[in-house]
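These notes are about the structure you will find just below.
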Amino acid sequence: MNRLYIGSLIGAAVLAGCAVAGDSIPTLVSPTAATEAANVPREVISLSISLFLLVDDKEDPDLEISTHRTEKDLREVLEGMNDIWRQAGIRLVPESIGTVVVPEAILRGMLAGDLDSFFRRIGVDIALPQPSAINGFYIRRLGGPNGMNPSRSSTFFVIDEPSVFDRRVSSHEVGHILGLRHVSGDPRRLLFSGTNGMTLTENEATVARYFAQGMIQGGR
Ligand SMILES: [Zn+2]
């Protein structure tokens, strides 16, 4: 495990308790006549992404606490995410798609919304490959929200049965990773909370692309 990675994930865990995105409160008022990103041609930026199923450490995973999703499901979600992020000219390229085994007690805590223990145990008794630019974890439940992006981390979590489309929750969380905040006023927008909106504005595409370039130049 790369030390830098552990450090950044722990930093993320510490922050996870504060202004984290439980995905409920819009914080920005959006302009009403924003240009839609899809109407602007631009060069494609590719970002690496890894997606993981979170399961417990029993010989036969307990389906009460382990995700019911499969690797095939994750590939389908990723295809849908790329349909959405194409608006901004951002392509998510799969690096690892697999299963991460989490000690039962830690996983139970996560189901209740405690992600800190998970981050602290990475490299101790939770094995993960080298991180990609973006890292998504698919979990049975999260204690309420459809998805979360622990503050200032490149990670997101999505539950098994969200109230909106799988690809939409995942793409919304990626939006937070790429520097976008919630919007209000237009439920068709990807960054509006709790709807199936998938639209990105030109301004959002510009910000997301700037963040994506930063990730690439930062060597992730
Ligand atoms: Zn959100």
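Please treat every number below as a calculation from the coordinates, not as lab data. Computed from a prediction, not measured in an experiment: that's the story for all the values here. Backbone-built Cβ (ideal geometry, glycine too); neighbour counts: all protein chains shown.
Details
- Whole-Hz Karplus values for segment 188-199 come out as 7, 7, 4, 9, 7, 7, x, 10, 9, x, 10, 7 Hz, taken residue by residue from phi with 6.51 cos²θ - 1.76 cosθ + 1.60 and θ = phi - 60°; glycine and proline positions read x.
- If you take the Cα centroid of segment 85-117 and the Cα centroid of segment 152-220, the two points sit 15 Å apart.
- 13 Å beta-carbon shell around Arg188, net charge (K/R +1, D/E -1): -1
- Here Asn203 and Asp160 are evaluated by their C-beta separation; at R0 = 35 Å the FRET efficiency comes out at 0.60.
- At q = 0.10 Å⁻¹, base-10 log of I(q)/I(0) for segment 3-217 (Debye sum, equal scatterers on each alpha carbon): -0.40
- A straight chain from Asp57 to Asn39 at 0.36 nm per residue would run longer than the Cα-Cα distance by 1.8 nm.
- FRET efficiency, 1/(1 + (r/R0)^6) with R0 25 Å, evaluated for Thr195 and His68 via beta carbons: 0.55
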